[in-house]
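These notes are about the structure you will find just below.
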Amino acid sequence: MNMQRAARHALGVFFLLLIGGVACDEKLNSITGPTPNLAPTFTSIQQNIFNASDASGRLACIQCHSDQGRTPSGNLVLLEGRSYQDIVGHQSTGKPGATIVIPGDPDNSYIVKKLEGAADIAGVRMPRGNGPFLTPGQMLVIRRWIELGAPNN
């Protein structure tokens, strides 16, 4: 029993240190896995998540969310120069009443729910199919950007 308690304590300390590091935006590249340059800025999320596939095999978001010669998935365009205006403060077309990114509120931002596969989403978890999905570290960075007010930086 004492070993289990010690293991839980050590795990708790680890998570506190991890969260503390993320909250300070220090050394994020050590937890972002296949996107080591990912930072909690919109430009970085655009370049490393929306525009690019990664080493895990995850496809770039713009492969489906582009209006280049077709209707984008969910009518959501994530191309550079257009994506910010289409997600921040913008309503989802797939789930009435859901806002894609609510500055300062990652828990209620629909993009987070879609990427994490929350039970109350419309359709399927993104990226569509069986993944690979974003890693917990990548999601921490996206959540941090939203917590910071989702600035267009």
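Things worth noting here:
- Options SER66, GLN46, SER83, ranked by Cα towards positive dipole end of region 40-153, top entry (Cβ charges): SER66
- Solvent-free Debye scattering, log10 I(q)/I(0), computed from the Cα coordinates of region 61-140 at q = 0.13, 0.24 Å⁻¹: -0.38, -1.36
- Taken about its Cα centre, region 19-153 carries a charge dipole of roughly 340 debye when the Cβ of each Lys and Arg holds +1 and the Cβ of each Asp and Glu holds -1.
- Summary of packing: across the peptides 53-59, 43-49, the per-residue average of other C-beta atoms within 10 Å ranks them, highest first, as 43-49, 53-59.
Computed from the coordinates by the stated procedures, all read-outs in this text should not be read as laboratory data. Only a predicted model underlies this, so the values are computations on that prediction, with no experimental measurement involved. Please note: Cβ atoms are built from the backbone with ideal geometry, for glycine as well, and neighbour counts cover all protein chains shown.
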